[in-house]
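Peer 1: Can you keep this structure in mind? I'll have questions shortly.
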Amino acid sequence: MSETVEATMPENKPWFWVPVHAATMRRILGIMGIDPEADNSAYRLLDFGCGAGRYLSCFADYFSPVNLYGVDTDPAALENVRKLGFQGLILNPEKAALPFEDAQFDFVFSSNVIEHIPRPIYLQYLAEIHRVLKPGGVFAVGAPNYPFKRVYDMFKVLKQKTPEERRYYLFDDPTHCNKASVLRVEKDLARYFEQIHLMPSAILGQKKFRFLRKPEVQYRLRVLGDKFFGVCRKPLG
């Protein structure tokens, strides 16, 4: 971990800088329709809300680093992104605009970001993400699934050993100002995208019962997940 990352790590969110597990990354690639064994060097990807670049570092194993871009509102985090060899650009938190020309990217990726953006600005960013994607480009997005997130939080409180850990899950993150459900986000995406399919990243009993792993079953039960992740596609026309 670099000095920049250590200096900017939120004290109340130690998990924020934990490296992405290789198995998790391969699942993400699969959902995005990216073949990890293929030559993906020509693809361009934007990480919307990239932080210090932990996901970009994983995508660099499959993409050419020069084609990996990140945008964020944190200058210190972006400094670390640039040190890692990626293109890091600052966002103006008061203006929902992406600093790119139209149709620049094959993929836009965003994990646990949209819940921190006020809803009116978030909706403007969806239009911007649509704008910078190439026709047929993929937008991959994941976020907490309200209100089920809070139900899971209450179960997590019971598993914690210290008052600080219990307090973390008991009180919802105050920066979660856009508390959207997976169903609402699907409707929001439908304004600009097609082939929308957001799946739960955690479902009760998923590891125990094989039939719950089937895509059609997961789709019907998607509202039960405490988080969601999935993809949509910009129309070709």
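Peer 1: Any chance you could run the full-extension gain for Phe100 through Leu221? It's 0.36 nm times the residue separation minus the Cα-Cα distance, nm to one decimal.
Peer 2: On the way: separation 121, 0.36 × 121 = 43.56 nm, distance 3.69 nm.
Here the answer is 39.9 nm.
Peer 1: Relative contact order for the chain: what is it in percent, counting Cα pairs under 8 Å that are at least 6 residues apart?
Peer 2: 17
Peer 1: Can you put Phe59, Phe148, Phe229 in order of Cβ neighbours within 10 angstrom, beginning with the fewest?
Peer 2: Phe148, Phe229, Phe59
Peer 1: A follow-up question, please. Starting from the Cα of Arg167, step 7 Å along the direction of its Cβ; do the same at Ala23; then give the gap between the two resulting points in nm.
Peer 2: The two pseudo-label positions are separated by 3.4 nm.
Peer 1: Could you give the spread of the C-alpha atoms of region 100-211 along their three principal axes, from largest to smallest, in whole angstroms?
Peer 2: Result for region 100-211: principal-axis Cα extents of 50, 37, 20 Å.
Peer 1: Contact order normalised by length for region 101-162, with contacts defined as Cα pairs under 8 Å and 6 or more residues apart; what percent is it?
Peer 2: 47
Peer 1: Can I ask one more? Between Gln160 and Ile90, take the C-beta separation as r, use R0 = 25 Å, and let me know the FRET efficiency to the nearest 0.05.
Peer 2: Once rounded, the FRET efficiency stands at 0.10.
Peer 1: Bins of 10 Å, beginning at zero and ending with the bin holding the largest distance: percent of Cα pairs per bin for the chain, please.
Peer 2: 7, 30, 38, 21, 3, 0
Peer 1: What is the sum of charges around Leu91, taking Lys and Arg as +1, Asp and Glu as -1, for the other residues whose C-beta is under 13 Å from the C-beta of Leu91?
Peer 2: Values: positive: Lys95; negative: Asp47, Asp72, Asp74, Glu94, Glu128.
Once all neighbours under 13 Å are counted, the net charge is -4.
Peer 1: Moving on. What residue among Glu79, Glu216, Glu115 has the largest mean-square fluctuation in a Gaussian network model of the chain, using Cα springs under 10 Å?
Peer 2: Result: Glu216 has the largest fluctuation of those listed.
Peer 1: Additional query: Taking the convex hull of the Cα atoms, report for region 34-169 its projected area averaged over all directions, in nm².
Peer 2: Over every viewing direction, the Cα hull of region 34-169 projects on average to 10.2 nm².
Peer 1: Moving on. Roughly what would the spin-label model give for Arg82 and Gln195, points 7 Å off Cα along C-beta, in nm?
Peer 2: A separation of 3.6 nm, rounded to one decimal place.
Peer 1: Test of understanding: extend the Cα→C-beta vector of His116 to 7 Å, then name every residue of region 154-193 with backbone N under 15 Å from that spot.
Peer 2: 173-179
Peer 1: Could you list the square roots of 5 times each eigenvalue of the Cα gyration tensor of region 40-112, that is, the equivalent ellipsoid semi-axes, sorted largest first and rounded to whole Å? Working shown, then result.
Peer 2: Numbers: eigenvalues 65, 44, 19 Å².
After scaling each eigenvalue by five and taking roots: 18, 15, 10 Å.
Peer 1: In whole Hz, what ³J(HN,Hα) sequence does region 22-38 give by Karplus (6.51, -1.76, 1.60; θ = phi - 60°), x for Gly and Pro?
Peer 2: Each residue of region 22-38 in turn: 4, 5, 4, 5, 5, 5, 4, 4, x, 5, 7, x, 9, 7, x, 8, 8 Hz.
Read-outs: derived from the displayed coordinates by stated rules, not from any lab. In this text the structure is predicted, and so the values were computed from the model without any measurement. Here Cβ is always computed from backbone atoms with ideal geometry, including for glycine, and neighbour counts include all displayed protein chains.
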